[in-house]
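Below you'll find the structure, written out as structure tokens, and then a few comments.
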Amino acid sequence: PWLRKLVPDINLAYVSFYTKLKGDQTIGASLRYFSLGNITFTDNAGNEIGQFNPNEYAIDVAYARKLSEFFSGGIALRYIHSNLTGGILVENNATKPGNSVAADISATYRNTEMESGGKDATRAVGLNISNIGSKISYTETGVKDFIPINLRLGPALTLKLNDYNELTFLVDFNKLLVPTPPIYSDSLS
């Protein structure tokens with residue numbers, strides 16, 4: 001249950017698997033499922049037009065490989081299914097589940113052969129571009145919308161304090177890579 005103190009029937013589930021292969025390679029898979037709980041749909045006048053339990057899921061398959069002593073990279077492919085309306089009519093337009101495919105590309109630099117302040121240290125930088133993929137639509141006649149493509153970049157410094165403790169400093173930068181709708185002014189100045 002997610003936000004169960006606010007709404008009792010919203011659920012978020014995630015399951016994943018990975019295994020190492022020969023030669024510093026890894027494959028993995030995951031399934032994410034999100035249920036928004038039972039929702040009552042109404043028209044513009046507030047009249048009930050139906051009920052539905054909107055839900056979404058994504059299935060991922062991933063591959064990662066160590067490219068050198070300090071560099072590694074990975075790719076993930078994703079299928080997205082989003083059923084938000086259950087086929088109800090919205091302004092006389094039939095709705096349908098949205099489907100999309102996407103990919104993630106990532107790279108990591110990690111150097112463990114450092115010292116900082118007399119302590120062993122690890123310097124790392126990660127880069128990820130997620131949800132590179134097709135647009136999604138919930139109607140046959142509607143305009144297709146971008147899925148949220150994100151660029152993430154983050155450096156990190158880990159200090160080994162002793163055999164049992166480490167301290168990590170990190171920063172994460174995130175940039176949405178899709179256009180946002182313009183904001184129009186209501187004034188005639």
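Determine the distance separating the Cα centre of segment 158-189 from the Cα centre of segment 87-118; give it in Å without decimals.
Going from one Cα centre to the other spans 15 Å.
Below 12 angstrom from the Cβ of L77, what's the summed charge of the other residues (Lys, Arg +1; Asp, Glu -1)?
-1
Percent of accessible area on the chain owned by carbon and sulfur, 1.4 Å probe?
Numbers: 7880 of 13500 Å².
Taking all protein chains in place, the chain shows 58 percent carbon and sulfur surface.
Starting from the amide H of G133, placed 1.01 Å from N in the peptide plane, find each other amide H under 5 Å away whose residue is 5 or more places distant or on another chain.
A103
Checking the cross-link filter: which lysines have an alpha carbon closer than 21 Å to that of K20, excluding same-chain neighbours under 8 positions apart?
K66
Working from the pairwise distances between different alpha carbons, so that the mean of 1/r is found and then inverted, what is segment 68-154's Kirkwood radius in Å? Can you show the working numbers first?
Values: mean 1/r = 0.0622 Å⁻¹.
Mean inverse Cα-Cα distance, inverted, gives 16.1 Å.
Using 0.36 nm times the number of residues separating I88 and I27, minus their current alpha carbon distance, what extension gain do you get?
Going from the current span to full extension adds 18.0 nm.
With a 1.4 Å probe and all protein chains left in place, how much accessible area per residue does the chain have, in Å²?
Ligands and nucleic acids excluded, the result is 71 Å² per residue.
R32: accessible area at probe 1.4 Å, nearest 10 Å²?
Roll a 1.4 Å probe over it and R32 shows about 90 Å².
Packing-wise, with mean Cβ within 10 Å as the measure, how do 54-62, 174-182 rank, highest first?
Descending mean neighbour count gives 54-62, 174-182.
Once phi is turned into ³J(HN,Hα) by the Karplus curve 6.51 cos²θ - 1.76 cosθ + 1.60 with θ = phi - 60°, what whole-Hz value does each residue of segment 141-154 show in order, with x for glycine and proline?
Running phi through 6.51 cos²θ - 1.76 cosθ + 1.60 with θ = phi - 60° gives 9, x, 6, 7, 10, 5, 7, x, 6, 10, 10, 10, 9, x Hz.
Using θ = phi - 60° and the Karplus curve 6.51 cos²θ - 1.76 cosθ + 1.60, what whole-Hz ³J(HN,Hα) does each residue of segment 61-66 get, with Gly and Pro shown as x?
Values per residue, Gly and Pro as x: 10, 10, 9, 9, 8, 7 Hz.
Can you give the accessible area of Y63, probe radius 1.4 Å, in Å² rounded to 10?
Surface accessible to solvent at Y63 totals approximately 80 Å².
Just the number, please: Stokes-Einstein D of segment 1-67 in µm²/s, Kirkwood Rh from C-alpha pairs, 25 °C, 0.890 mPa s.
On the way: Rh = 15.0 Å.
Result for D is 164 µm²/s.
In nm, give the distance between the simple-model label positions of D172 and K96, each being 7 Å from the Cα along the Cα-to-Cβ direction.
Here the answer is 3.6 nm between the modelled labels.
Can you work out ³J(HN,Hα) from phi for every residue in segment 29-35, in order, using Karplus 6.51 cos²θ - 1.76 cosθ + 1.60 and θ = phi - 60°, giving whole Hz and x for Gly and Pro?
The phi angles translate into 8, 8, 9, 10, 10, 10, 10 Hz.
How far apart, in nm, are two points set 7 Å out from the Cα along the Cα-to-Cβ line at V15 and at N44?
If labels sit at V15 and N44, their model points lie 4.5 nm apart.
Out of (i) 1.09; (ii) 1.39; (iii) 1.33, which label holds the value of Cα Rg over 2.2 N^0.38 Å that was computed here?
(ii)
Under 14 Å from the Cβ of G28, count the other residues' Cβ atoms, weight Lys and Arg +1, Asp and Glu -1, and hand me the total.
The answer is +2.
The values are calculated or read from the model by the stated rules, or taken from the named source; none is laboratory data. Remember, predicted model here, so these are calculated numbers, not experimental data. We place every Cβ from the backbone using ideal geometry, glycine too, and count neighbours over all the protein chains shown. Accessible surface areas use protein heavy atoms only, side chains included; no ligands, DNA or RNA. Shrake-Rupley method; radii C 1.70, N 1.55, O 1.52, S 1.80 Å.
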